[in-house]
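Okay, structure first, notes after.
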Amino acid sequence: MAFNDFFAGEIAMELLKQLIAISRKSCLCKSSADNLISSIQVLLPIIDEIKYSGVELPALRQSQLDRFSETLRGGLELARKVLASSRWNVYKNLQLARKMEKLEKQVERFVSGPMQAHLLADVHHMRFETAERFDRLEGRLEQRLSSMKIGAGGWVEEAVKRMEVEDEASVGIVGGVGLDLAKNNVKKLVIGRDDLNVVGIWGIGGSGKTTLANEICRDNQVRSYFNNRILFLTVSQSPDLAQLRAKIWGFITGNEAMGYSNNSFVPPGKLQCESGTGPRTLVVLDDVWSSSVLEQLIFKIPSYKTLVVSRFKFPTKVVGEVYQVQLLRDDESMSLFCHSAFDQKSIPPTANETLVKQIVNECKGLPLALKVIGASLLEQPEMYWVSAKKRLTQGEPICESHETKLLERMAISVDYLNKKVKECFLDLGSFPEDKKIPLDVLINMWVESHGIDEEDAFAILVELSDKNLLTLVKDARSGDAYSSYHEIYVTQHDVLRDLALHLTNRPDVNERKRLLMPRRDTELPRDWGRNTDQSFNAQIVSVHTGEMREMDWYRMEFPKAEVLILNFASSEYFLPPFMDDMPKLRALIIINYGTTEATLLNFSVFTNLTNLRSLWLEKVLVPELSNTTAPLRNLRKLSTVLCKVNNSFNPSVLDLPQIFPRLTELVIDHCDDLVKLPVSICKVNSLQSLSITNCHRLSELPAGFGLLKELQILRLYACLELKVLPPSIGELIGLKYLDISQCVNLMSLPREIGRLASLEIIDMRECPQIVNLPSPVMLLNLKSLRRVICDDEVSGDWKNVKRGMRHLHVQVAEKCYSLDWLHD
């Protein structure tokens, strides 16, 4: 504590007495005196906090307090003059009244500006040994300054956040790498790239973004580079943009007091200056939620840099380069967890090591989860830990602290979403943890359950990805106009999945919109069985079990169910009888995670699925389809992945148009027993998209393939034994996209391909046997062709064709090898 801090309190107390006297005596100065009384009454207890804290203040902060002490001393002298002035000296009293108004503004600026920063610094640096002492301090200060805000959030909330940051930093780790390595990566962007005006730190909520940003601000090299001109602001969800802009502009111009109080001096709109010089300045904008807000807080001025910290990914035109905070490695996770749970960096000998590791694994490297869950288990008996582990595996909070400090804090990201996007996020809890979710499944599910089209569903997926609420695992060619969604996968951090489950399971079991099993179990949840006397209102039902027999199912009614997801791992599976009581079912997803294809029993339940529009079958033996099979008249999309299909597609007994009269999309992927397609497929006049991919034994297509006049998309990717395309392919007058990539034994393109007037894209990468193209005269008839993806060996021929087709783009493909499918 400096000498002036003591006298600031004494001066303020004396000034308060004088102002009370002025308020009673002077009419001209009464208003200013009353306002000053209110401000100083707020300041007095705070000055006492500073005076008795015993903390040595930084030089910059001490100088600000010194200047304020001088302001108060001058105010005391002014107050004495006002009291001594004769009421008949009107001119002098007017002058004194103006000076009082000036003093009022000076005090008000200090209260609304630097004083808040001082208080935040006090909370940030004062470290208490017990939570009880911290809670006492927070309650006392919050009561006194509840009306004060920093940026758009309360100062106490910000102080707590910084205390958490300091705790994480104390273990020396952040993100998925050591703190020093993470800092170096960000420092390269902040001080090593003069070409970047705006850089960012991006990561999932609770991953340590703010921790890293604070470490950057404290780094000596960074502070030296910017000559200590660093401003840290929290933006939050509902910011006061005018105040934030004023603070930033005041800091840039060196007039902080003006910046805190007067917005009229801030240049309107987006300020951009390409030339000129000025002192280097760094402004850190933490907790930014909106690109439109961010753009209003960026001043593009030479020597001025902005570091943006956000859960969201912003366009590169707004934020030039971004460092993505990684999750913790196993050893780092254990260190942080033990720091919170045992107050040391390793598992103590008295603890159950296996149980500790299981709980740490549930946190999946997320710093906030490790810290909150660890602190919740501090000094708890082993049986409490066992219960906590069980609840975590079921996606439930282990205690009130876990719910409020982790799940509710993570929920902020979800609350910010619009209603439709939030509903799609909650749907992600329907899928097993630690499994890739085929995007095709998600898109179909959202289309059928939320009444949106595929383009909007994909846009929602990208939004959730940009907001760090899921992760896209992309195929090398994904994102193209005609990319297959089944080539793209989605993953989600377990804590986010737990959040979706937590929010979903709030209503009573019969009233839930989604009825979900959080983890694989040997039987259905007991609370489902206890409530079978009433119907269930769920629109989405997800089951995750092992083998199921007829007697294992409850008799349940789902009059509103539109999506049913059956996840299991077994060689035999009895389909649930309650499918008979799902009259509105539109999407059915059956996924076997076992090692061999499963036999499905009770297939007769399909008889009543008259409204089914989408069917996904994965790693099952597809039952034989024949003319006696009950037709699925409304089925639009059928996907078979890693299935045995040869019996079901027996050409001699299968009449596809009769069974699937409205089928528009057929996907057959990684079905290694498919040798020939049934001839009847050529009569499915409604078919618009056919994807036969990774079916290595497929050797030929039907001769009458050209009858599919409505077909727009044909994918024959990685059909290794396919040697020729039928000449009738030239009759596919509606075909827009042809993918024959990795058909390594395909000998040539048929000359009839030149008749495909609607064809826009050909993907023929990694087709080494195709060394010559049909004559350029035939290919020049491809009037709609705008893009060809091919190998270097055949690119020259296509470039010759391009001479007569100026709009054609020839793209030479890079070699791409992926073994991701081995880990599905």
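The values are calculated or read from the model by the stated rules, or taken from the named source; none is laboratory data. All values reported here derive from a predicted model rather than from experimental measurement. Here the Cβ is made from the backbone with ideal geometry for all residues, glycine too, and neighbour counts use every protein chain on show. These accessible areas exclude ligands, DNA and RNA; they are computed on the full protein's heavy atoms, side chains included. Shrake-Rupley method; radii C 1.70, N 1.55, O 1.52, S 1.80 Å.
Using the Cβ-Cβ distance between residue 242 and residue 800 with R0 set to 51 Å, the FRET efficiency from 1/(1 + (r/R0)^6) comes to roughly 0.25. For the set 313/436; 736/783; 676/723; 209/305; 364/389, the pairs lying more than 20 angstrom apart at their alpha carbons are 313/436. Of the GluC sites (Glu not before Pro) found in region 556-632, the ones in coil according to DSSP and having at most 16 other Cβ atoms within 10 Å of their Cβ are 557, 624. When you count the other C-beta atoms within 10 angstrom of each residue and take the mean per peptide, 181-188, 514-521 line up highest first as 514-521, 181-188. Between the amide H of residue 572 and those of 599, distances stay under 5 Å, these residues lying 5 or more places away or on another chain, with hydrogens modeled in the peptide plane. Centre-to-centre separation between the Cα atoms of region 657-694 and those of region 549-613: 23 Å. Here the 3J(HN,Hα) profile of region 349-354, calculated from phi with Karplus coefficients 6.51, -1.76 and 1.60 at θ = phi - 60°, is x, 7, 8, 7, 4, 4 Hz, Gly and Pro shown as x.
Looking at region 688-799, the accessible area is 38 square angstrom per residue; that uses a 1.4 Å probe and ignores ligands, DNA and RNA. Rounded to the nearest Hz, the phi-derived 3J(HN,Hα) couplings of region 784-795 under the Karplus curve 6.51 cos²θ - 1.76 cosθ + 1.60 (θ = phi - 60°) are 8, 5, 10, 8, 10, 10, 8, 7, 4, 4, 10, 5, where x marks glycine and proline. Roughly speaking, what is the stretch gain from residue 696 to residue 453, that is 0.36 nm per residue apart minus the C-alpha to C-alpha distance, in nm to one decimal? Extra length from residue 696 to residue 453 when fully extended: 84.2 nm. Only protein heavy atoms count here; on that basis, with a 1.4 Å probe, residue 420 has an accessible area of about 80 Å².
Other residues whose C-beta falls under 10 angstrom from the C-beta of residue 665 contribute a net charge of +1, scoring Lys and Arg +1 and Asp and Glu -1. For the peptides 493-501, 684-692, residues were scored by their other Cβ atoms within 10 Å and the scores averaged per peptide; the highest-first order is 493-501, 684-692.
For the listed peptides 450-463, 201-214, a ranking on the average number of other beta carbons within 10 Å per residue, highest first, reads 201-214, 450-463. Residue by residue, region 601-615 carries 3J(HN,Hα) couplings of 10, 6, 5, 5, 4, 5, 4, 8, 8, 6, 9, 5, 10, 9, 10 Hz when phi is fed to the Karplus relation 6.51 cos²θ - 1.76 cosθ + 1.60 (θ = phi - 60°); x denotes Gly or Pro. Put simply, the amide H of residue 473, placed in the peptide plane, has neighbours under 5 Å in 489, 490, 491, leaving out anything fewer than 5 places away on its chain. How many nm separate the modelled label positions at residue 326 and residue 769, each set 7 Å beyond the Cα in the direction of the Cβ? Reported label-point gap for residue 326 and residue 769 is 4.3 nm.
The distance from the alpha carbon centre of region 704-758 to that of region 775-800 is 15 Å, rounded to a whole number.
Relative contact order of region 703-824, taken over Cα pairs closer than 8 Å and 6 or more residues apart, is 19 percent.
On the beta carbon distance between residue 572 and residue 676, with R0 = 41 Å, the FRET formula returns roughly 0.90.
How many Lys pairs in region 502-652 lie less than 17 angstrom apart by Cα atoms, where the lysines are 8 or more positions apart or on different chains? Count of close lysine pairs: 5. Stretching the chain fully between residue 351 and residue 473 yields a gain of 40.1 nm (0.36 nm per residue, less the alpha carbon separation). Accessible surface for region 530-610, divided over its residues, is 40 Å² per residue with a 1.4 Å probe.
Mind running the shape call on region 659-801? Use the C-alpha gyration tensor, a ≥ b ≥ c as the square roots of the eigenvalues: rounded below 1.5 for a/c, prolate if a/b tops b/c, oblate otherwise. It is oblate, given that a/c is not under 1.5 and a/b is not larger than b/c.
Modelled label positions at residue 758 and residue 80, each set 7 Å beyond Cα in the direction of Cβ, lie 9.5 nm from each other.
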